[in-house]
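Chemist: Got a structure for you, questions after.
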Amino acid sequence: QKQAIAALQAGKLPEAELQFKRAIVAQPKAALSWTQLGVVHFRMGRPLMASEDLRRGLNFAPKDSDAWRMLGTCREREFDQARTLKELEGARYAYQQALEIRPNDAISRSSLERIKQKLARASAKPE
């Protein structure tokens with residue numbers, strides 16, 4: 001896992017992806033490996049894969065506010081690509097979970113407000 005984190009910090013995303021996958025094979029319930037693999041996939045432009053990785057990690061560490069916030073970011077990116085309300089609702093839920101765990105998280109709070117604005121605009125558009 002240390003090699004994977006070092007590769008991620010160095011921006012060596014393919015190497016980080018490989019190392020996190022190896023760590024997961026060795027310890028399938030390692031929440032950090034799953035959530036960091038999600039970060040790698042997000043940075044590689046794969047928000048759907050990232051969301052799945054983050055959800056798996058959150059199954060093992062449901063109080064990880066950073067993972068919830070990252071999941072919100074992934075779901076928001078999915079909305080930017082697919083334009084369905086399902087992704088915005090998912091982002092809102094993830095940011096709310098992050099704030100329940102860490103109420104003073106300014107990033108999650110501002111992200112949640114942005115999502116609420118997007119939801120209001122998307123709901124107001126005629127179909």
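The values are calculated or read from the model by the stated rules, or taken from the named source; none is laboratory data. As the structure is a computational prediction, the values presented were derived from the model and not from experiment. The protein model used for the area step is the full one, side chains on, heavy atoms only, and it has no ligands, DNA or RNA in it. Shrake-Rupley method; radii C 1.70, N 1.55, O 1.52, S 1.80 Å.
Chemist: Find the relative contact order for region 86-127 and round it to a whole percent, using C-alpha pairs within less than 8 Å whose residues are 6+ positions apart.
Modeler: Answer for region 86-127 is 43 percent.
Chemist: Expressed as an acute angle from 0 to 90° and rounded to the nearest 10, what is the orientation of the C-alpha long axis of helix 31-43 relative to the principal long axis of the chain?
Modeler: Its long axis makes an angle of about 60 degrees.
Chemist: By how many degrees, 0 to 90 and rounded to 10, does the Cα axis of helix 65-82 deviate from the longest principal axis of the chain?
Modeler: Orientation of helix 65-82: about 60 degrees from the principal axis.
Chemist: Can I ask one more? Measuring with a 1.4 Å probe in the full set of protein chains, what accessible area per residue, in whole Å², belongs to the chain?
Modeler: 58
Chemist: Another question about this same structure. With Rg and the Kirkwood Rh both taken from Cα atoms, where does Rg over Rh land for region 1-52?
Modeler: Rg/Rh: 0.93.
Chemist: Evaluate the relative contact order of the chain (contact order divided by residue number), counting alpha-carbon pairs under 8 angstrom at least 6 apart; express in whole percent.
Modeler: 16
Chemist: Express in nm, to one decimal, how much length is gained between Ser123 and Lys29 on full extension, taking 0.36 nm for each residue of separation and deducting their alpha carbon distance.
Modeler: 30.0 nm
Chemist: In addition: May I ask you to give the percent of accessible area on the chain that is carbon plus sulfur, with a probe radius of 1.4 Å?
Modeler: Ligands and nucleic acids excluded, carbon and sulfur give 52 percent.
Chemist: Let me ask another. To check my understanding: the extent here is largest minus smallest coordinate of the Cα atoms along each principal axis. What are those three numbers for the chain, in Å, largest first?
Modeler: 49, 29, 23
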